[in-house]
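Asks: After the structure tokens below, expect a handful of questions from me.
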Amino acid sequence: MTSSVTVRVPAKVNVQLAVGGVRPDGFHDLANVFLAVGLYDEVTVTPADALRVTCSGPDAAQVPLDTSNLAARAALALAARHGRDAGVHIHIDKDIPVAGGMAGGSADGAGALLACDTLWGTGATREELLDICAELGSDVPFSLVGGAALGRGRGEILTPLTVGGTFHWVFAVADGGLSTPAVYAECDRLRAASGTGATSADVPDPEPSPALLDALRTGDADALAAAVTNDLQMAAVSLRPSLTATLDAGTGAGALAAMVSGSGPTTAFLVEDEAAARKVAAALQASGTCRAVRVTAGPVPGAVTLPAEGATT
């Protein structure tokens, strides 16, 4: 029997986040173009008498260790479906910025789900795993799948996208987080205040940008830079005006595009290549407008089970 299973799972950036009006159920329809990038959490599960969660890494103190953690919820959901006890120790080695709009919590949920399925030998189909992911949260299915995908509905209905090259990114991590519900609420407030209305009856249905999808397909960074959009950016900046200085610092250093990542407050900068990434990262670090800077590229695969170290059979 395998003594432990470790799954590596990536962060994401939204290269397009088109947000529809608020629906009667309080959610928003999305056209959400995800790109998985090479910042990773590693989730290790080991048999235990009871479910418990531990965490290590730069932002570990900010990670909840109770059943509000998506990794714990994933284990409980899989165990319930298969009529078994959820006794497992989940350890998260966290390298994805916490509360940064990069789906770190969602990544942990997807990672724990795949790890528990492997550890317990439940034999869940890909469809079942994706179904559980969708129950856990809108970004969790993409964390399992990775690569690039268009998310419809609340973001959980995925269509894989072809990407014709590697895109280089710099991420500036802000102090503190932004509540995703608060950012959506501010988006609704700003729309209502502008006179356009904020409901699904007022706002056109969100659609992916043909120019953006073509830029991904051809691997053209300049074309992608011209097409990236985030309908939540104005709301995030409204709640955190200091993000403007971070965005300006990256643009001033030569980034091809600057945007808030998801609901923020992490900001994402698309750059031409590795050399440009180093230059933009140095400028952001020197600007004093963020607490950390990360350089990476994408797309990368989704959740992957790592080779066992010292596993027993």
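Asks: Which of (1) in a helix (DSSP H, G or I); (2) of a type outside the set (D, E, K, R); (3) without any contact (Cβ under 8 Å) to a residue 40 or more places away in the chain is the odd one out, the single condition L284 does not satisfy?
Replies: So the condition that L284 fails would be (3).
Asks: Condition test on T296, is it hydroxyl-bearing (S, T, Y) and over 15 Å from L35 (Cα atoms)?
Replies: Taking the combined requirement at face value, the residue does not satisfy it.
Asks: Give the range 21-60 a look and list any residue that's more than 25 Å from P160 (Cα to Cα), at pLDDT 95 or above and hydrophobic (A, V, I, L, M, F, W, C), or say none.
Replies: Within the range 21-60, V45, A48, A50, L51, V53, C55 meet the criteria.
Asks: Which of (1) surrounded by fewer than 20 Cβ atoms within 10 Å (Cβ to Cβ); (2) touching a strand residue (DSSP E or B) at 6+ places or on another chain (Cβ under 8 Å); (3) not small (G, A, S) does P241 not meet, given it meets every other one?
Replies: For P241, the exception is condition (2).
Per-residue answers, yes or no, for (1) hydrophobic (A, V, I, L, M, F, W, C); (2) more than 26 Å from A276 (Cα to Cα):
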| position | (1), (2) |
| --- | --- |
| P208 | no, yes |
| A211 | yes, no |
| T229 | no, no |
| Q233 | no, no |
| S238 | no, yes |
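Asks: Okay, moving on. When you look at T118, is it of a type in the set (V, I, T), part of a helix (DSSP H, G or I) and outside the structural domain of A235 (by TED's automatic domain parsing), yes or no?
Replies: yes
Asks: Shifting gears a bit: Could you please find all residues in the range 245-278 being touching a Leu at 6+ places or on another chain (Cβ under 8 Å) and assigned to a strand (DSSP E or B)?
Replies: A257, A258, M259, V260, T267, F269, L270, V271
Asks: Quick one: is A211 surrounded by fewer than 19 Cβ atoms within 10 Å (Cβ to Cβ), farther than 27 Å from V280 by Cα, of a type in the set (A, V, I, L, M) and assigned by TED's automatic domain parsing to the domain that holds L239? Let's see the steps before the verdict.
Replies: Numbers: surrounded by fewer than 19 Cβ atoms within 10 Å (Cβ to Cβ): yes; farther than 27 Å from V280 by Cα: no; of a type in the set (A, V, I, L, M): yes; assigned by TED's automatic domain parsing to the domain that holds L239: yes.
No: the conditions fail for A211.
Asks: A follow-up question, please. Only one of these conditions is not met by T289: (1) part of a loop (DSSP other than H, G, I, E, B); (2) buried (at least 23 other Cβ atoms within 10 Å of the Cβ). Which number is it?
Replies: For T289, the failing item is (2).
Asks: So the check is Cβ under 9 Å with 6+ separation or different chains; which pairs have a first residue in the range 290-310 that's in contact (Cβ under 8 Å) with a residue 60 or more places away in the chain and assigned by TED's automatic domain parsing to the domain that holds V280 and a second one that's surrounded by fewer than 17 Cβ atoms within 10 Å (Cβ to Cβ) and of a type in the set (A, V, I, L, M, F, W, C)?
Replies: Matching pairs, first to second residue: V293/A282.
Asks: Please tell me if S138 is among the hydroxyl-bearing types (S, T, Y), part of a loop (DSSP other than H, G, I, E, B), within 13 Å of the chain's Cα centre (by Cα) and closer than 24 Å to H28 by Cα.
Replies: yes
The values are calculated or read from the model by the stated rules, or taken from the named source; none is laboratory data. Predicted model only: the values in this text are computed from it and were never measured. Counting neighbours? That spans all protein chains shown, and the Cβs are built from the backbone with ideal geometry, glycine included.
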